[in-house]
Amino acid sequence: MSDFIVSARKYRPATFDTVVGQAHITNTLKNAIKTNHLAQAFLFCGPRGVGKTTCARILAKTINCLNITDNVEACNECESCNSFNEGASHNVFELDAASNNSVDDIRSLIEQVRYAPQLGKYKVYIIDEVHMLSQSAFNAFLKTLEEPPKHAIFILATTEKHKILPTILSRCQIFDFNRIQIDDIAKHLAFIANNEQVKAEDEGLHIIAQKSDGALRDACSMFDQIVSFTGGNITYKAVIDNLNILDYDYYFKVTDALLEENISQALLLFNEITNNGFDGHNFIAGLSSHFRNLLVSKDVATLQLLEVSDSIKEKYKSQSAKSSLTFLVKGLTLFNKTDSAYKTSKNQRLQVELALIQLSSINAFKADVEKKKDIANPSAANPAKKDELPSKETAVNAVSSTVSSPNSDNKSDNTPQEATASQSIVEESKEAYKQASTPNQAPKNSLKRSALKTSTPSISAKLAKNEDDNINDQTQTQEQKVEYKFDLNELVTTWNSYAALKKEDGKINLATALTGKKPILKDNYHIEFEVSNKAIEEALNEDKANFLEYLRRTLNNYSIKLQLNLVAIDESKKLYSATDKYKHLANKNPAIDKLRKAFDLDIEF
């Protein structure tokens with residue numbers, strides 16, 4: 001049985017051309033070698049597993065090669081290359097700064113720097129995790145780093161550049177390594193799988209690449225793990241099972257349910273996901289990424305931003321065609337708010353479920369709002385009826401005939417007072433008609449009010465009957481709504497959730513006022529709330545319609561009424577001066593006054 005070598009070591013790049021995803025670094029180093037413009041100190045910085053130490057070793061091997069190729073690569077045949085490959089090179093020194101971070105370690109290094117190399121041109125000192133050096137060690141290293149011997153080259157590698165002293169940074173050429181792209185990692189894993197005779201699906205390799213977070217070493221480690229798990233047959237299902245990743249199909253199914261406004265199906269899918277051991281926070285974060293990918297898929301120009309396999313790209317393109325832009329943007333906004341509120345929520349599952357319910361009910365809410373607008377403004381719902389207004393003469397004649405006695409032959413029986421009232425009503429009807437004919441202006445009720453004040457019984461009774469009919473119609477519409485019997489706790493929860501929404505919108509004073517006191521629930525769903533500030537009362541009155549609508553919708557009860565009570569504050573109880581504040585505290589706790597007298601303290605004004 002041969003000794004097993006992990007893929008990260010076995011397939012570690014040995015030349016500049018085999019380095020994955022860092023072409024901007026390798027091209028610069030090759031040009032520097034070719035033109036003999038090598039710096040005395042390099043700083044390689046970047047995330048873990050992206051090739052910092054690998055590039056340092058390749059650089060050290062290449063500059064000491066006795067027969068550098070035309071492509072500026074080590075020949076791999078000379079004495080220097082062979083000794084490097086065998087790990088016996090006396091020209092390359094690797095130092096771990098995490099365990100050699102003292103001043104004495106740096107002094108020992110400086111002593112070695114003085115000696116010239118036995119073979120080759122340069123002595124290369126690779127210091128890994130250089131940010132772990134102490135400040136004293138950095139200071140001891142400064143002079144040698146700035147003016148080393150001609151044969152000495154320092155290569156510093158770190159994942160945390162911000163921890164290195166600026167004086168060290170100014171003496172180095174800095175190379176920033178990027179996270180390796182998912183496609184590059186997937187191709188490298190496919191190359192390893194081909195060499196190791198391992199069957200691998202592209203979707204599975206892409207999932208490994210995504211999970212590695214841009215680190216090729218992590219990807220190779222996961223690859224070896226899944227090969228052991230599957231016995232040499234890497235499939236998409238095996239990868240998501242082994243790495244505990246939520247399947248793409250779940251996100252596609254949940255999105256389909258939301259598009260179909262199937263709340264039950266969406267909640268059942270989420271329940272299945274949680275039963276499989278996945279956290280709700282991870283689910284909502286993954287669903288946000290899914291909606292982002294759908295948004296990206298709507299335009300061919302941005303389709304390249306999708307870091308998934310080709311088969312998954314087709315699924316995204318298909319589902320994005322069915323999703324409207326408004327739906328996707330609204331979903332991203334909802335999921336972002338849910339993600340922010342998830343950790344602080346006491347009922348975390350409800351946060352996720354509420355987001356799914358709201359998103360799947362967008363069209364229903366819109367229809368409900370439009371219906372209410374139509375009821376409130378019938379002329380807006382039926383524009384054709386605006387053109388059906390009677391002519392001015394017809395309206396005036398109709399009112400005149402209504403005011404007149406039912407018996408047209410007995411005109412002489414009318415009293416002078418009734419005649420005056422009739423003439424007044426006719427004049428007011430003209431004014432009412434003018435207002436009704438003006439665009440974007442509702443007709444006033446001056447005609448009804450004047451008619452009710454007259455002494456003619458027929459007019460008063462007729463107009464009063466019309467008023468009662470309107471009220472009854474509105475009452476009947478309200479009675480058709482389902483009334484949910486809620487308690488004070490449910491009211492307070494909904495009340496606080498609205499305050500949280502106001503706080504997110506930047507209305508902090510309004511949110512603070514709502515949470516400062518609890519609402520009072522009276523009979524017949526009558527809610528009273530005390531405010532102690534006139535400005536707060538005005539702000540709440542401006543927002544009262546939205547607030548009341550939110551309470552009615554959330555609590556599913558359209559009989560809710562809200563009353564604001566301004567409570568006066570006793571100005572004499574306010575504490576303005578430092579003396580007043582001190583006396584107030586001393587009355588609560590007499591020990592404070594004893595402490596002041598014991599230390600002979602004064603009150604600052």
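The values are calculated or read from the model by the stated rules, or taken from the named source; none is laboratory data. Being a predicted model, the structure only gives us computed values, none of them experimental. Here Cβ is always computed from backbone atoms with ideal geometry, including for glycine, and neighbour counts include all displayed protein chains. In case anyone asks, the SASA skips ligands and DNA or RNA and just uses the protein heavy atoms, side chains included. Shrake-Rupley method; radii C 1.70, N 1.55, O 1.52, S 1.80 Å.
Total residues in the range 205-229 satisfying the condition of being open to solvent by less than 40 Å² (accessible area, probe 1.4 Å) and of a type in the set (Ser, Thr, Tyr): the figure is 1. Pairing each residue of the range 26-54 that is touching a residue at least 12 places away in the same chain (Cβ under 8 Å) with any residue that is hydroxyl-bearing (Ser, Thr, Tyr) and open to solvent by 20 Å² or more (accessible area, probe 1.4 Å), provided the two are 6+ apart or on different chains, yields C-beta distances under 6 Å for Arg48/Thr159. Residues that are in contact with a Pro (Cβ under 8 Å, 6 or more places away or on another chain) and either under 21 Å from Gly214 (Cα atoms) or open to solvent by less than 10 Å² (accessible area, probe 1.4 Å) (or both) occur in the range 17-30; there is at least one.
Okay, residues lined up against (1) within 19 Å of Thr167 (Cα to Cα); (2) surrounded by fewer than 14 Cβ atoms within 10 Å (Cβ to Cβ):
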| site | (1), (2) |
| --- | --- |
| Asn100 | no, no |
| Ser108 | no, yes |
| Gln118 | no, yes |
| Tyr122 | no, no |
| Glu129 | yes, no |
| Met132 | yes, no |
| Gln135 | yes, yes |
| Lys143 | yes, yes |
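Residues checked against (1) open to solvent by 60 Å² or more (accessible area, probe 1.4 Å); (2) in contact with a strand residue (DSSP E or B) (Cβ under 6 Å, 6 or more places away or on another chain); (3) without any contact (Cβ under 8 Å) to a residue 24 or more places away in the chain:
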site: Pro149; (1), (2), (3): no, no, no
site: Glu160; (1), (2), (3): no, no, no
site: Ser170; (1), (2), (3): yes, no, yes
site: Asn178; (1), (2), (3): yes, no, no
site: Ile182; (1), (2), (3): no, no, no
site: His188; (1), (2), (3): no, no, no
site: Val198; (1), (2), (3): no, no, no
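Screening the range 474-490 for residues that are modelled with pLDDT of 80 or more and touching a helix residue (DSSP H, G or I) at 6+ places or on another chain (Cβ under 7 Å) and picking the one that is surrounded by the fewest Cβ atoms within 10 Å (Cβ to Cβ) gives Glu490. Residues that are over 16 Å from Tyr122 (Cα atoms) and open to solvent by 50 Å² or more (accessible area, probe 1.4 Å) within the range 53-81 comprise Thr69, Asp70, Asn71, Asn76, Glu77, listed in sequence order. Against the conditions (1) at pLDDT below 80; (2) open to solvent by 70 Å² or more (accessible area, probe 1.4 Å); (3) of a type in the set (Ser, Thr, Tyr), Thr554 satisfies every one except (1).
Within the range 88-97, not a single residue is within 14 Å of Ile153 (Cα to Cα), under 45 Å from the mean Cα position of the chain (by Cα), modelled with pLDDT of 90 or more and not β-branched (Val, Ile, Thr).
Table: residues versus (1) more than 30 Å from Lys10 (Cα to Cα); (2) in a loop (DSSP other than H, G, I, E, B).
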{"residue": "Cys81", "(1), (2)": "no, no"}
{"residue": "Ser89", "(1), (2)": "no, yes"}
{"residue": "Tyr115", "(1), (2)": "yes, yes"}
{"residue": "Ile126", "(1), (2)": "no, no"}
{"residue": "Leu142", "(1), (2)": "yes, no"}
{"residue": "Lys150", "(1), (2)": "yes, yes"}
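Among the candidates Lys503, Lys574, which residue alone is open to solvent by 100 Å² or more (accessible area, probe 1.4 Å) and either at pLDDT 85 or above or touching a helix residue (DSSP H, G or I) at 6+ places or on another chain (Cβ under 9 Å) (or both)? Just a single option satisfies the conditions, and that option is Lys503. Could you list all residues from the range 321-345 that are closer than 23 Å to Gly280 by Cβ, among the β-branched types (Val, Ile, Thr) and open to solvent by 80 Å² or more (accessible area, probe 1.4 Å)? Within the range 321-345, Thr344 is the sole residue that qualifies. Residues that are within 18 Å of Gln358 (Cβ to Cβ) and polar (S, T, N, Q) within the range 285-315 comprise just one, Ser288.
Does Gly87 count as within 23 Å of Leu59 (Cβ to Cβ), buried (at least 17 other Cβ atoms within 10 Å of the Cβ) and of a type outside the set (Asp, Glu)? Answer is no for this residue. Inspect all residues belonging to the range 240-263 and state whether any of them is more than 23 Å from Ala209 (Cα to Cα), open to solvent by 60 Å² or more (accessible area, probe 1.4 Å), in contact with a Ser or Thr (Cβ under 6 Å, 6 or more places away or on another chain) and not basic (Lys, Arg). Yes, some residue in the range 240-263 is more than 23 Å from Ala209 (Cα to Cα), open to solvent by 60 Å² or more (accessible area, probe 1.4 Å), in contact with a Ser or Thr (Cβ under 6 Å, 6 or more places away or on another chain) and not basic (Lys, Arg).
Of the residues making up the range 173-188, at least one is assigned to a strand (DSSP E or B), aromatic (Phe, Trp, Tyr) and at pLDDT 90 or above. Here Asn194 clears all of (1) within 19 Å of Gln40 (Cα to Cα); (2) open to solvent by 70 Å² or more (accessible area, probe 1.4 Å) except the condition numbered (1). Filtering the range 297-320 down to residues that are in a helix (DSSP H, G or I) and without any contact (Cβ under 8 Å) to a residue 12 or more places away in the chain, which residue is most open to solvent (accessible area, probe 1.4 Å)? My answer is Gln304. Using the structure shown, decide if Asn282 is open to solvent by 50 Å² or more (accessible area, probe 1.4 Å), closer than 17 Å to Glu353 by Cα and under 22 Å from the mean Cα position of the chain (by Cα). Criteria met by Asn282.
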